[in-house]
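First the structure, in the form of structure tokens, and then the observations on it.
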Amino acid sequence: MSATLLNFYQKTVLRHPLGATFAVLLLTVAMAFGLPNFKLDASADSLTLEHDDDLNYFREVVQRYGSDNFLIVTFSPKEGDLFDQENLLLLSSLRDELAAIEGVESMLSLLDVPLLYSPKIGVADLKNELNTLLSHGVDRQLAREEFLNSPIYKNLILSADGQTTGMLATLELDQKYLDLVSARDALRLIKSTQGLSAAQQLELDRVSLEFLNYRTAKAAQSHQLVADVRNLMNGYRDRATIFLGGPDMITADMVDFIKSDLATFGIGILIFVIVTLAVIFRQLRWVVLPLSTCAICLIIILGFLSWIDWRLTVISSNFVALLLIITLALTMHLIVRYRELHRDQPDASQEQLVTATVTSMAKPCLYTVLTTMVAFLSLVVSNIRPVIDFGWMMTMGISLALLIAFIIIPAGMMLLGKGKNSGGNDNSAAVTAVFSSFTERHGGAVILIALGLGVLSVIGITRLEVENRFIDYFRSNTEIYQGMEIIDASLGGTTPMDIILQAPTFAEPEQNNAFDAEFSEYSDDAFGDDAFASVEAATDDYGDDAFGGDAFGTEADSGDSNQLKDTYWFTSTGLADLAKLQAYIESLPEVGKVSSLVQIYDVASDLSGHKLNDFEIAFMRKSFGPEIYNQMVAPYLIEDIDETRIQLRAMETEGLLRRADLLEKIRDYAVNEVGIASEDIRFTGLLVLYNNMLQSLYKSQILTLGAVFVGIMLMFLVLFRSAKISVIAIVPNFLAAGIVLGGMGWTGIPLDMMTITIAAITVGIGVDHAIHYITRFQREFSVDGDYVAAMHRAHASIGLALFYTAITIIVGFSILALSNFIPSIYFGLLTGLAMTAALLGSMTLLPKLILIAKPLGAGRTS
């Protein structure tokens, strides 16, 4: 610390401690007023990449085909058969009450779908209102068989044992949300590629604020909707086993889990830290000052984030715990150094002791903060918004922690006075002496163990995967897990994906015109006795009014309201392509239910007794009633642009899903086996967006760790002014990061948006330890030039601060293992592993490397 800066610091903090403390408290109170606006955000944005073209396409598809947001309610009666009258009436009552909840656009259940085989109908009947399960005289045993075996309903609404069904509640399409997010993202893209004008920047600020406020309101509505559905379900749980699933339910539960962890485990960690500080230091002041510093730092940064409405997400919620770690470490370093000086210089004044504490710790603490910031800034290069936010929040928080720690701790020391000198009674150095003695006597074993761990880490890293099962984010006894498991295993899968297909550019279907001209060649017998009435009879009953405007995509200029738009996908060639691709997709073990236009074609062919030709397909298409069209055609066909889609749901529970491999297999088959042009096929849906995020993790994070180590290496060179010392300092950090990542590989913990931050955390913690230890070692070596003696003294001094901090954090964060949210458990355990690796590396490997390399000069090793 320069003389000018030290003089300013003494005048403002050490000689006016009350004023400095009051100023910090005033800032804390001002920021605290923002805390009531503190918000958590678990929106779908946290699963997607910034400027992801697939995300924009996904939103376009949603606007074309309708809302993709839904809730699924599974229903299994506790008594009797599902198809008993009492249970069907119970199911009907639940369905009707769900449909009445605000925000639910429509309901679909086995009570609502048309029956085609109970008994088997004719093709001409497709234009009529069809029976449902509750219609008078329906054979329910036949209906059960239809739900189990029909190409339309199989694996969709009834489990294989016939006792569990699912009701799909489609939620209203939020057009305002789509408009706002599209406008915001378009301006963001311009900003990142071209730069914005002043007017465009103002517009971006306005749209971003409006979107954020609207999303907050919608999140509250969605949370309330889920709560309303659950309250409704509670009234039926005595008679049926019921679970809830769906994106909004997952979001609501994730927010609740995070809030619970922040409250419950935050209090638990706080209590443990208090007890630990009391046991270690045995003085009230050394409990109050660190806790006050941590509390002030957290209130200021969280209040600031609340004032500017910067929300914590599932990822950045860990920011609170990590900031506590780093702030606590800074305070413990200052306290341990002060107690050491107080023990060695009992006659010095309080200002002399505090000044010596600050001047000796300023440089290593500053560099630990700077290098830790470099580690967390590596997250900023990610394309994942919550990870970017986490990196910036940690950078801001660490900077604030340094400032607050160097104001509150020294000012508190000045206000409280010297107090009792307990240094002579502190035997805790005996613990760290064990490490230094082991390093001295068994240095070879330290090197061999480090090499062995390094090899195991490399092997473990090669086993790392970016694939994960979203269901594994939750404990098996939670409703969210059980609901997803039933939906996945019994009702066709959980993770939706759409395959969008454009008609080939050479396709110019003329089947409707050909049909109009040549239908007279085909009598009723062509389709079975009296299968069809005349064209006029079939179509007159279902004009524009019946379907609501342009439901069929009619041509306004044709003068014929019944003229459908030509489409390649309702020809025998187009349907054959679809059928071939769908059959392949259905053969994949990781795929559950697959739906497309193929189902209605297969049903119509089965009802007529033979495969339909183009003329029959065209007539069938004209014959659809509104019920059949809206349920079995509209979700899969956009006639205006001759586009169709195949919907599928992937299954997670069996662990076979490899998202990137699945996409590649389907694309390869579609292009090379079916003959679909690569430009005519595109994938979308949550599976695609989540896969994009997972695949980006390796590219944007793991590879940047190398750049982080280079940056830290350069900072080491500036700090230590020695290439040899810098290399020695970086090796334990490499090993610690490798142990954590390798441990994830060996234990099968996937690399995802949560665990990717652990690498940065490990580097940050390891750098902290290395800088403090080497700085103190240099000071101790200058006393007598004895490497071994300097090691023992460094362990007895700075080693205590490292040990106290590590033990407090390791045991404190192990409390997170009790969470219901598995990523929180991973965070707690991996943070503990990172602290253990950093501590052992700094207390054994680092000093041994110093003893071997002798980077401070010849010296001696007595």
| For the peptides 724-733, 95-104, 676-685, what is the packing order when you average, over each peptide's residues, the other Cβ atoms within 10 Å and list the highest mean first? | 724-733, 676-685, 95-104
| query | Computed from these coordinates, which is Cα Rg over 2.2 N^0.38 Å: (1) 1.83; (2) 1.17; (3) 1.26? | reply | (2)
| field | Sequence-distant residues sharing a close amide H with THR241 (under 5 Å, placed H) | value | SER76, LYS78
| Too long at a 19 Å Cα-Cα cut-off: which of LYS580/LYS611; LYS120/LYS565; LYS191/LYS218? | LYS120/LYS565; LYS191/LYS218
| Fully extended, how many nm does the chain gain between GLN194 and VAL455 (0.36 nm per residue separation, minus their Cα-Cα distance)? | 89.3 nm
| task | Multiply the residue separation of LEU142 and ILE267 by 0.36 nm, subtract the distance between their alpha-carbon atoms, and state the gained length in nm to one decimal. | result | 39.2 nm
| note | Membrane-span-like helices (DSSP H runs, Cα span along own axis at least 24 Å, mean Kyte-Doolittle at least 1.6) in the chain -> 285-307, 385-416, 443-462, 703-720, 822-840
| note | In deg cm²/dmol, rounded to the nearest 500, the helical mean residue ellipticity at 222 nm of the chain, built from -39500 (n - 2.57) for every DSSP H run of length 4 or more, is -19500 deg cm²/dmol
| When N counts the residues of segment 177-333, how does its alpha-carbon radius of gyration compare numerically with 2.2 N^0.38 Å, as a ratio? | 1.46
| query | What order, most packed first, do the peptides 798-808, 304-314, 378-388 have when packing is the mean number of other Cβ atoms within 10 Å of each residue? | reply | 798-808, 378-388, 304-314
| query | Mind checking Rg over Rh on segment 730-842, alpha carbons, Kirkwood formula for Rh? | reply | 1.07
| query | Quick one: which of 85-94, 149-158 comes out on top by average Cβ neighbours within 10 Å, and what's the full order, highest first? | reply | 149-158, 85-94
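Every number here is computed from the coordinates shown, using simple stated rules; none is lab data. This is a predicted model, so every value here is computed, not measured. FYI the Cβ positions are ideal-geometry reconstructions off the backbone, even for glycines, and counts take in every protein chain you see.
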